[in-house]
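The values are calculated or read from the model by the stated rules, or taken from the named source; none is laboratory data. These figures come from a predicted structure and were not determined experimentally. Cβ placement follows ideal geometry from the backbone for every residue including glycine, while neighbour counts extend to all protein chains displayed. Heavy atoms of the whole protein, side chains included, go into the accessibility calculation; ligands, DNA and RNA do not. Shrake-Rupley method; radii C 1.70, N 1.55, O 1.52, S 1.80 Å.
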Amino acid sequence: MSKIGASELIINPDGSVFHLHLKPEDIADDILLVGDPGRVELISSFFDTKEFVKSSREFVTCTGSYKGKRITALSTGIGTDNIDIVVTELDALANVDFATREVKEKKRSLRLLRIGTCGGVQPDVPLGSYIFSRRSIGMDGLLNWYADRDKYSQKDVEQSFIKHMGWNEYLPVPYVANADDALYRLFEDVVVPGITISASGFYGPQGRVLRMGLAIPDFIEKLASFRFGNERITNIEMEGSALAGLGGALGHRAGTVCLLIADRNHKESNPDYKPLMNNLVKIVLDRFSKTE
């Protein structure tokens, strides 16, 4: 088995992986991912015990125990580019022998759930809803950099979406990644299921107009009217497609659940969403604590 070169997987002098500054023994099998580093403190405030808190750039990690379940909370920062770093390094921590730099024969599958916030595109899905991304459409192009992307993108949905949107030739080719079904089933009684758009930015890539026009002027309206069978696009965020795509390709169980804080149809938002986020975190921790 070939070794992974030192330039390809950078290991710090203390034996930790380059960006996350974590060692293989630091991560639990269950990992909650959040964009905001401050949300790691929120999640860990529910822990019964904490093993450590580590911080490197926007990546803050706390591993602890909740009702007997070992759980890691980790912040990714904003964007699918950061998810590329986080998922790849978590997989290396789980499945690469850092001493030999060889991939382990027996693979470890992690359960990766992102807890985030999002904007809604359907007028009948109210502010404060919890939305689970059954599918995510990545508009960032990240998965296209990897071999066999067609094995991991749902081509029928992808082609239908491109045609419906009248896709601009200068934009990256979208890809469609499915979340882990068992993760969805864990929360199906408290969430709205749907297709989620993962955007490569917060303003233009999400159809917001301040001073510059858009490549697809009626962007939100087209998202809202898209249908694939009985499925529809429910929301927009910035990380879920990379998590589902890379996580699934690497053999991990990945998914995203978001609190809807902005209604893009009525141009309304709820900046006072912390109580609802606290409730979502508690729901996730309780259900993770009872399942494998």
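Brief remarks follow.
- Longest site-free stretch - the chain; sites: chymotrypsin sites (Phe, Trp or Tyr not before Pro), DSSP loop, at most 15 other Cβ within 10 Å: 19-145
- Inter-part distance where the range 110-181 and the range 33-107 are each reduced to a Cα centre, Å: 23 Å
- Per-residue HN-Hα couplings for the range 74-89 [Karplus 6.51, -1.76, 1.60; θ = phi - 60°; Hz; x = Gly/Pro]: 9, 8, 9, x, 9, x, 5, 4, 5, 5, 4, 5, 5, 5, 5, 6
- Surface accessible to a 1.4 Å probe, per residue, for the residues of the range 148-198, Å²: 50 Å²
- Karplus-derived 3J(HN,Hα), 6.51/-1.76/1.60, for each residue of the range 39-49, Hz, glycine and proline x: 6, 5, 5, 4, 4, 5, 5, 8, 5, 6, 9
- Fluctuation leader among L280, L113, L260 - the chain, Gaussian network, Cα springs under 10 angstrom: L280
- Restriction of the trypsin sites (Lys or Arg not before Pro) in the range 184-267 to DSSP coil positions whose beta-carbon has at most 15 other beta-carbons within 10 angstrom yields R211, K267.
- Selection among S7, I78, I115 by position relative to the dipole of the chain gives I115 as farthest towards the positive end (Cβ unit charges, Cα centre).
- Loop-located GluC sites (Glu not before Pro) in the range 4-61 (DSSP state not H, G, I, E or B) with no more than 10 neighbouring Cβ atoms inside 10 Å: E8.
- A 1.4 Å probe run over the protein chains yields, for the range 1-135, 42 Å² of accessible area per residue, whole-number rounding.
- Distance distribution P(r), the range 1-119, all Cα-Cα pairs, bin width 5 angstrom from 0: 2, 11, 22, 24, 19, 13, 6, 2, 1, 0 percent.
- Tilt relative to the chain, helix 240-249 - C-alpha long axis, 0 to 90 degrees, to 10: 50 degrees
- When the solvent-accessible area of the chain is split by element, carbon and sulfur atoms take up 52 percent of it, the probe being 1.4 Å.
- Sparse-neighbour loop sites [trypsin sites (Lys or Arg not before Pro); the range 1-92; at most 13 other C-beta within 10 Å; DSSP]: K3, R57, K67
- Entries of K54/K151; K155/K267; K23/K274; K50/K274; K50/K290; K106/K151 with Cα pairs more than 27 Å apart: K54/K151; K155/K267; K23/K274
- Note: relative contact order over the range 208-292, using C-alpha pairs below 8 Å and six or more positions apart, is 15 percent.
- Assigned charges on the beta-carbon of Lys, Arg, Asp, Glu; the chain dipole about Cα centre (debye): 260 debye
- The chain - share of DSSP beta bridges that are antiparallel (%, nearest 5): 50 percent
- Counting only DSSP H runs of at least 4 residues, each contributing -39500 (n - 2.57), and dividing by the residue count of the chain, the helix-based mean residue ellipticity at 222 nm comes to -8000 deg cm²/dmol.
- Per-residue 3J(HN,Hα) values for the range 169-180, derived from phi via the Karplus relation 6.51 cos²θ - 1.76 cosθ + 1.60 with θ = phi - 60°, read 5, 8, 8, x, 5, x, 10, 10, 10, 8, 6, 5 Hz in sequence order (x marks Gly and Pro).
- Degrees separating the helix 274-289 axis from the principal Cα axis of the chain, which is the longest one: 50 degrees
- The chain, relative contact order [Cα under 8 Å, separation at least 6], %: 23 percent
- Cβ screening of the chain for cysteine pairs under 4.7 Å finds these without a partner: C62.
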